[in-house]
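Taking it in order: structure first as structure tokens, then the write-up.
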Amino acid sequence: MSLTGKVHKFGDDVNTDYIISGRYKFKTLDMRELAKHVMEDLDPEFYSHVTKGDFIVAGKNFGCGSSREQAPLAIINADISAVIAKSFARIFYRNCINTGLPLVECDTDQIDPGDELEVNLKEGILYNKTKGLEIPITPLPPVMLKILSEGGLVEHFKKYGTFNLD
Amino acid sequence: MGKTIAEKILSSKSKRNARANDIVIADLDFTMGQDGTSGLAIRAFNEMNAARVFDPARVAMVIDHSAPSPLEGVSALHQQMRNFANNQGINFYDIGDGVCHQLVPEQGHVVPGDLVIGADSHTCTYGAINVFSTGVGSTDLAAGIISGKLWFKVPETIKFVLNGKLSRGVYSKDLILYLIGDITADGATYMAAEYTGQAIADLSIEARFTISNMAIEMGAKCGLMEADDKTIAWVKEHSKKEFEPVKADADAVYAQVLEYDVSSLEPQVAKPHTVDNVAPISAVAGTPIQQGFIGTCTNGRIEDLRIGAEILKGKKIAENTRLIVAPSSRQVMLQALREGLIEIFVESGAAVVTPGCGPCVGTHNGVPSDGENVISTANRNFKGRMGNNKAFVYLGSPATVAASVLTGKLTDPREFIK
């Protein structure tokens, strides 16, 4: 699957409270509603600036903090197509795989706000179209790629009723 | 080649010879969700076309994050949890029962050697009693309660050897804040932490929970300790389950071994807005404080309340300062009532609220105002964490909180400890 979009750039240690604050996540299970508040404490205008298919790009330890799955779900429902970071916190990482939000681990220093990117997860390629630069990415382990390519863990369980990863 | 505690538990639960970086599917001994995560887990459970949980005795749901409900939308989520719990016959804890991470060990649901998941990031707390427990999201929880299994990447382990003796007025909270400040918020990402050494052996089980609870704040998957005589006695007091403690092999392979001498450690404070922004109390003393909070899965246990009450006894908190106290469970609250601790808090000027998470996570029961400084015994101080992104949250021990609300500014608790 090939994804194309422009970059919204953030720094290191973007925690789940910044992605979607606790003061919203308990109010509703309506993810389109939660999506309006995504990244609000870091950039109040963020949601209104996203075009469908855009990327969130960040530094290290993206998604640290709580286990709230509202974090990847709010990002998906804000029409972000993938999160690209130097590294991810582990619960967030699992939650992305399980909910079907593609994530890319790579050096993000050569990606700037507004850059146009093309990402191909299967081939393991990230191409910065604005800079004409190919950036190597850390491939996802097969187990995670399988769950992600099936559309997440819900779809996996619908299909098999249990784990079928061998 | 020997194994770490994490490798041994995941080997035993997956019936494979598991080593760091292997991916295994392992059997779960216990699973837990709270009211911030269970709604989505129930939705996923239904979408996965499941009918029954794998074993009702091994599943718990806890209403603690917004308890009692402050909002209509939350009430609907709570109702959904009550219905699910009734239909499935699982363990269920309603408003006032307490914080999930206090209840799970206190009610005897987990014992040494267990493999446990919880849809809450501080599930790593039970590592203090030799349980491989880790936080997951709602969809993982749904898969876990349906199948009784989950996939795990076997973590490498970073070992903390803590030598020496904590001095008077310095607590396990100060120690874990210091370690997080030292290795930073992602210093142990994807890894298990093992805590060992004389300083750990000297701690009570309650004080050890504080350390394992905050393993996630250094990015770790779990915060494990070996079971000693104290652990075994504590677990037997709380649980009837059979168990077999798991020790690391002498020749286990660690990603890193870090040694510390804790003897000269002074009280520590995490400054806004990250947990690894840690300073000794001497560097921040005098900072004005408008609100204090004693509670949470980190420091709302009976020992924590005793420490706070001892400092507050017979005194009044400073003018223009507020103190909120939330015991971590109904049992803790009852014990605090019996010991007269609640009376001390209330007389000192504190507002004692329902056992639960509210103030820590910003859902209700103490959202600070713009520009205010808060000193809290919680585990997180992210911007907006307590419900207002224009407030400033400092983290410290119950003693530091109690001393600071007496003076209205960040204060070294040793000034109040005889």
Problem - Positive-end extreme of charge dipole, segment A:20-97 - chosen from A:LEU34, A:ILE80, A:ASN61 (charges on Cβ) - result: A:ASN61
Exercise for the section: Over the protein assembly as shown, with every protein chain in place, what whole percent of the accessible area is carbon and sulfur at 1.4 Å, could you tell me? Expected result: 48 percent
Fill in the blank from the handout: Among trypsin sites (Lys or Arg not before Pro) in segment A:116-166, those in a DSSP loop whose Cβ has at most 11 other Cβ atoms within 10 Å are A:LYS122
Problem - Where labels lie 7 Å past Cα in the beta-carbon direction, separation of A:ILE125 and B:ASP22 in nm - result: 3.7 nm
Exercise for the section: Would you mind checking the pairs A:LYS158/B:LYS3; B:LYS149/B:LYS236; B:LYS241/B:LYS313; B:LYS13/B:LYS230 and listing those with alpha carbons more than 31 angstrom apart? Expected result: A:LYS158/B:LYS3; B:LYS241/B:LYS313
Exercise for the section: Nearest 100 Å² is fine: how much accessible area is buried between A and B, summed over both sides, with a 1.4 Å probe? Expected result: 4100 Å²
Problem - Kirkwood Rh, Cα atoms: Rg over Rh of segment B:81-196 - result: 1.01
Exercise for the section: Select from segment A:90-116 all residues whose loss of accessible area on going from the chain by itself to the full protein assembly reaches 30 Å² or more (probe 1.4 Å). Expected result: A:ARG90, A:ILE91, A:ARG94, A:ASN98
Practice task
Quick one: which residues, 5 or more positions from B:ASN91 or on another chain, have an amide H under 5 Å from its amide H? H modelled 1.01 Å from N in the peptide plane, none for Pro or chain starts.
Solution key: B:VAL59, B:MET61
Completion exercise
Within the set A:HIS49, A:HIS156, A:HIS37, GNM on chain A using Cα springs under 10 Å gives the largest fluctuation to A:HIS49
Completion exercise
Toy charge model, Lys and Arg Cβ at +1, Asp and Glu Cβ at -1: the protein assembly as shown dipole around Cα centroid in debye, rounded to 20, equals 780 debye
Exercise for the section: Two decimals is fine: what is log10 I(q)/I(0) at q = 0.09, 0.11, 0.18, 0.19 Å⁻¹ for segment B:268-415, from a Debye sum with one equal scatterer on every Cα and no solvent? Expected result: -0.22, -0.33, -0.94, -1.06
Practice task
Please list, in chain and number order, the residues 5+ apart from B:GLY113 or on another chain whose amide H is under 5 Å from its amide H, with Hs placed from the backbone.
Solution key: B:VAL131, B:PHE132, B:VAL246
Practice task
Would you work out which of B:ASN46, B:MET1, B:GLN107 lies farthest towards the positive end of the dipole of chain B, given +1 charges on the beta-carbon of Lys and Arg and -1 on that of Asp and Glu, about the Cα centre?
Solution key: B:ASN46
Exercise for the section: Would you tell me the accessible area of B:GLU266, worked out with a 1.4 angstrom probe on the heavy atoms of the protein chains, in Å² to the nearest 10? Expected result: 50 Å²
Practice task
Could you please report the charge total around B:GLY98, scoring K, R as +1 and D, E as -1 over all other residues with beta-carbon less than 12 angstrom from its beta-carbon?
Solution key: -2
Problem - Mean residue ellipticity (222 nm) of the protein assembly as shown, computed from DSSP H runs ≥ 4 via -39,500 (n - 2.57), nearest 500 - result: -8500 deg cm²/dmol
Problem - Charge tally in the Cβ shell below 14 Å around B:ILE417, where Lys, Arg are +1 and Asp, Glu are -1, B:ILE417 excluded - result: +1
Fill in the blank from the handout: Expected sort for B:275-283, B:239-247 on mean C-beta neighbours within 10 Å, highest first, is B:275-283, B:239-247
Exercise for the section: Provide the per residue accessible area, probe 1.4 Å, for segment B:5-260, rounded to a whole number of square angstrom. Expected result: 32 Å²
Fill in the blank from the handout: Expressed as a whole number, the average count of other chain Cβ atoms within 10 Å around the Cβ atoms of A:57-64 is 3
Exercise for the section: About the Cα centre of segment B:34-170, how large is the charge dipole given +1 on each Lys and Arg Cβ and -1 on each Asp and Glu Cβ? Please answer in debye to the nearest 20. Expected result: 420 debye
Fill in the blank from the handout: Toy charge model, Lys and Arg Cβ at +1, Asp and Glu Cβ at -1: segment B:268-415 dipole around Cα centroid in debye, rounded to 20, equals 200 debye
Problem - Dimensionless Rg over Rh [chain B; C-alpha; Kirkwood] - result: 0.96
Exercise for the section: Under a cut-off of 29 Å between alpha-carbon atoms, report the lysines in cross-link reach of B:LYS383, not counting same-chain residues fewer than 8 places apart. Expected result: A:LYS6, A:LYS9, A:LYS25, A:LYS27, A:LYS36, A:LYS52, A:LYS60, A:LYS86, B:LYS173, B:LYS221, B:LYS271, B:LYS409
Exercise for the section: Evaluate peptide B:35-41: per residue, the Cβ atoms of other protein chains within 10 Å of its Cβ; return the mean as an integer. Expected result: 4
Handout entry: Long-range amide H partners of B:LYS409 with built H, under 5 Å
Key = B:ILE289
Practice task
Anything losing 40 Å² or more of accessible area from the isolated chain to the full protein assembly: pick those residues out of segment B:73-100, probe 1.4 Å, ligands and DNA/RNA ignored.
Solution key: B:LEU77
Practice task
Pull up the DSSP beta bridges for the protein assembly as shown and report the antiparallel fraction as a percent, rounded to 5.
Solution key: 30 percent
Completion exercise
Whole-Hz Karplus couplings 3J(HN,Hα) for segment A:69-86, θ = phi - 60° and coefficients 6.51, -1.76, 1.60, Gly and Pro as x, run 7, 4, 5, x, 5, 5, 5, 4, 6, 8, 6, 7, 8, 6, 10, 10, 8, 5
Practice task
Label segment A:20-76 by shape, choosing from rounded, prolate and oblate, from the square roots a ≥ b ≥ c of the eigenvalues of the Cα gyration tensor; if a/c is under 1.5 it is rounded, and otherwise prolate applies when a/b is larger than b/c, oblate when it is not.
Solution key: oblate
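So, R0 is 56 Å and r is the distance between the beta-carbons of A:ASP166 and B:ARG82; what FRET efficiency does that work out to, to 0.05?
With R0 = 56 Å, the Cβ-Cβ based efficiency is 0.90.
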Completion exercise
At 37 °C and 0.692 mPa s, the Stokes-Einstein diffusion coefficient in µm²/s for segment A:2-139, with hydrodynamic radius from the Kirkwood sum on alpha carbon pairs, is 224 µm²/s
Handout entry: Where only C-alpha atoms are counted, convex hull volume of the protein assembly as shown per residue in Å³
Key = 138 Å³
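The values are calculated or read from the model by the stated rules, or taken from the named source; none is laboratory data. On a predicted model such as this, the values are computed, not experimentally measured, just so you know. All Cβ positions, glycine included, derive from the backbone under ideal geometry; neighbour counts span all protein chains shown. The accessibility values were calculated without ligands, DNA or RNA, using every heavy atom of the protein model including side chains. Shrake-Rupley method; radii C 1.70, N 1.55, O 1.52, S 1.80 Å.
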